[in-house]
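Report on the structure given below.
Just so it is clear, none of the values below were taken in a lab; they were calculated from the coordinates. Everything numeric here is computed off the predicted structure, so don't read it as measured data. FYI the Cβ positions are ideal-geometry reconstructions off the backbone, even for glycines, and counts take in every protein chain you see.
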Amino acid sequence: MKKFLRTEASAYLENNHSIRRTPKNLAKLATVGGGPLYCRTTREVLYDTADLGAWAKSTLGEPIASTSDRAA
């Protein structure tokens, strides 16, 4: 799988999953938790496309046909 720097991961999420997360927001999620999995090198953070896709899917949830279909 391809690995992305944080700025590239931000663009990937928007272009492929319609999720807008700035590189700064991804950095915050890496600190506080709740973001996609990543690998750290000496000076850089790298995100794998599979991990970005899995995180995007978990963020979006299941499709629904109506607001009444949402879980209470």
For segment 43-60, Karplus couplings with θ = phi - 60° (6.51, -1.76, 1.60), whole Hz, Gly/Pro x: 10, 10, 10, 10, 10, 8, 4, 5, 5, 5, x, 5, 5, 4, 5, 5, 6, 6
Set of aspartates and glutamates near LYS2 by C-alpha distance (under 16 Å), chain-local residues within fewer than 8 positions excluded: GLU44, ASP48, ASP51
Local electrostatic count at GLY35 - Lys and Arg +1, Asp and Glu -1, tallied over other residues with Cβ under 11 Å: +2
In range of the label at ALA54: residues from segment 1-37 whose backbone nitrogen is under 12 Å from the point 7 Å along Cα→Cβ: 36-37
Segment 3-60, relative contact order in percent, only Cα pairs under 8 angstrom and at least six apart counted: 39 percent
Candidates THR59, THR22, THR31: whichever shows maximal mean-square fluctuation once the chain is modelled as a Gaussian network with Cα springs under 10 Å: THR31
Pairwise label distance in nanometres, THR31 with ALA65, each label 7 Å out on the Cα-Cβ vector: 4.5 nm
Label point distance in nm, ARG40-THR7, each placed 7 Å from Cα along Cα→Cβ: 2.2 nm
